[in-house]
Amino acid sequence: MGIIKLKRLENNNAPELTLNKLQLEMIDLINQKIESGEYQFEDTECPICHHKNRDLIGEKDRYGLYFPTNICLTCGIWYTSPRMTQLSYNKFYNNEQKKLYVGIEEPTESYFLRQKRKGKKIYDFLQKNNILNPDSSYVLEVGCAAGGIIDFFREKGAKVKGIDLGEQYIDYGRNLHGLDLEVGTLKSLSNSKKPDLIIYSHVLEHILDVNAEIELIKHFSSDNTIIYIEVPGIKEIHKNYDMNILKYLQNSHTFHFTLESLINLMSTHGFELIKGNQYVRSTFKLTNRVLPLQNDHDQVVKYIKRIEKGRLIPLPNRAYRTVFEKLFLKF
Ligand SMILES: [Zn+2]
C-alpha cells in the first residue's frame with residue numbers, strides 16, 4: 001500500500017470549516033505566535049514502535065493551521081510530527097484552544113448539559129455491555145472540563161471526582177454544580193483511592209507523552225478497574241465527519257486512533273480490550289496476557305482512499321450512504 005499524502009491537505013492556510021470572527025482572530029494569533037517562534041515544534045516518533053518509519057498524510061488541520069499528520073508503516077497509528085512542544089501546547093490551551101474550538105469564551109450551562117448528555121451515552125455503553133455497575137462506584141474522570149459527564153454518573157449514585165487543567169471550567173462545575181473537581185493532571189491527583197472506573201473522553205488524543213500517561217493510569221488501577229477511553233475514530237470519519245478527513249483533523253490532537261491502534265497502544269502497557277467499537281468507545285482492564293500487535297496500516301490507508309473517492313460520489317440520501325458504507329467501508 002503506497003504513499004497516501006493528500007493534495008487537498010497541503011499546507012495552504014485554507015480552513016475547511018466555516019468560522020466566526022473570534023475563531024478567525026484566534027487563528028491569526030496562533031500563526032503570529034508560530035512565526036515569532038513563541039510556539040515551537042518538535043519532531044517525534046511512533047508511540048508504539050518507537051521509530052520514525054512513516055508516511056506523511058497531510059500538512060494542515062480543519063482550521064488551516066500547520067499540522068503534519070503521519071502514519072506509522074509498522075503498526076498503522078497516526079501521529080502528529082513535528083508537533084508543538086508541551087510548553088507551546090500549554091500556552092495554546094490557556095489562550096486560544098477553547099475559543100477556537102467552541103467559538104465561545106466562557107463555560108456555559110448549554111455546554112455543561114452537552115457534556116451531561118455525553119455522560120449518559122457512556123453510562124449506556126457500559127450498561128449495554130454489562131461492564132460495570134456504576135451506581136455504587138467510584139468514578140474518576142481525567143480531563144473533565146466542567147464535569148457534565150461525571151454529573152450524570154453522580155445522579156446514578158456513583159461517587160465522582162474530576163480533574164482538568166482548565167481552571168475556568170473547574171470553577172464552573174465546582175461552584176454551580178457542587179462537583180468534586182480539582183485543577184491538575186493524574187500525576188498531581190491528591191486522592192490515591194483506586195477508582196472502579198476511570199474515564200478519558202476525548203482526552204488521550206491530546207496528550208503528548210501518551211505512554212507516560214498510560215503508565216500513570218496503570219498506577220491508579222486495580223485489577224478490577226475499568227478504563228473507559230473515547231477518542232475520535234478514523235474509521236468512522238464517513239459517519240461522524242461527513243466523509244471528510246479534513247473536518248476530522250484538529251491541531252490539538254497529537255494522535256489519531258482506530259480501535260486497532262488504541263488496542264495496540266494499550267497492550268504495550270499490559271491492558272486488554274473488554275469491549276470497543278470504531279466510534280471509538282472502548283473499555284480496557286489490566287491483563288497478564290501478552291498480546292501481539294496488529295498492523296492496521298493497509299486497512300486504514302484503504303479506508304481513507306475509499307472515503308476520499310466517496311466524497312466525490314453524489315450520495316443523495318441516507319439510503320445511498322448506507323449502501324456505500326456496506327459495499328466499500330466494511331473492514
Ligand atoms: Zn508504529
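The values are calculated or read from the model by the stated rules, or taken from the named source; none is laboratory data. Everything numeric in this text was worked out from a predicted model, so none of it was measured. Glycine also receives a Cβ, built like all others from the backbone with ideal geometry; neighbour counts cover every protein chain displayed.
Close Cβ contacts (under 7 Å, 6 or more residues apart or on different chains) running from residues in the range 73-97 that are not assigned by TED's automatic domain parsing to the domain that holds LEU208 and assigned to a strand (DSSP E or B) to residues that are among the hydrophobic types (A, V, I, L, M, F, W, C) and more than 16 Å from the ligand (Cβ to nearest atom) comprise THR80/PHE67; ARG83/PHE41; MET84/PHE41; MET84/PHE92. Within the range 151-176, residues that are outside the structural domain of ASN94 (by TED's automatic domain parsing) sit with their Cβ atoms under 6 Å from residues that are surrounded by fewer than 17 Cβ atoms within 10 Å (Cβ to Cβ) and in a helix (DSSP H, G or I), at 6+ positions apart or across chains, in these pairs: PHE152/LYS120; LYS156/ASP135; GLY157/ASP135.
Condition test on TYR101, is it more than 16 Å from the ligand (Cβ to nearest atom), assigned to a helix (DSSP H, G or I) and either farther than 30 Å from HIS177 by Cβ or out of contact with any Gly (no Cβ under 9 Å at 6 or more places or on another chain) (or both)? Criteria met by TYR101.
Residue-level analysis places PHE125 outside the set of residues that are crowded, with 22+ Cβ neighbours inside 10 Å, in a helix (DSSP H, G or I) and either at pLDDT 95 or above or in contact with a helix residue (DSSP H, G or I) (Cβ under 8 Å, 6 or more places away or on another chain) (or both). Looking only at the range 51-66, residues that are more than 16 Å from the ligand (Cβ to nearest atom) and either among the polar types (S, T, N, Q) or within 22 Å of ASN211 (Cβ to Cβ) (or both) come to 0 in all. The residues on offer are ILE48, ILE34, and the sole one that is in contact with a Leu (Cβ under 6 Å, 6 or more places away or on another chain) and either away from the ligand (no atom under 12 Å from the Cβ) or not in a strand (DSSP E or B) (or both) is ILE48. Could you go through the range 256-263 and let me know if any residue there is touching a Gly at 6+ places or on another chain (Cβ under 7 Å), surrounded by fewer than 21 Cβ atoms within 10 Å (Cβ to Cβ) and either in contact (Cβ under 8 Å) with a residue 40 or more places away in the chain or not in a helix (DSSP H, G or I) (or both). No; the residues of the range 256-263 include none that is touching a Gly at 6+ places or on another chain (Cβ under 7 Å), surrounded by fewer than 21 Cβ atoms within 10 Å (Cβ to Cβ) and either in contact (Cβ under 8 Å) with a residue 40 or more places away in the chain or not in a helix (DSSP H, G or I) (or both). Restricted to the range 35-85, and to residues there that are out of contact with any strand residue (DSSP E or B) (no Cβ under 8 Å at 6 or more places or on another chain) and hydroxyl-bearing (Ser, Thr, Tyr), the residue that is surrounded by the fewest Cβ atoms within 10 Å (Cβ to Cβ) is SER36.
Can you name every one of the helices (runs of 4 or more DSSP H) wholly within the range 146-230 that holds 2 or more residues which are at pLDDT below 95?
Numbers: elements: 148-155, 167-177, 210-219.
The helices (runs of 4 or more DSSP H) meeting that bar are 167-177.
The set of residues in the range 274-295 that are touching a Leu at 6+ places or on another chain (Cβ under 8 Å) and either free of Cβ contacts under 8 Å to residues at least 12 places away in the same chain or part of a strand (DSSP E or B) (or both) comprises GLY276, SER282, THR283, PHE284.
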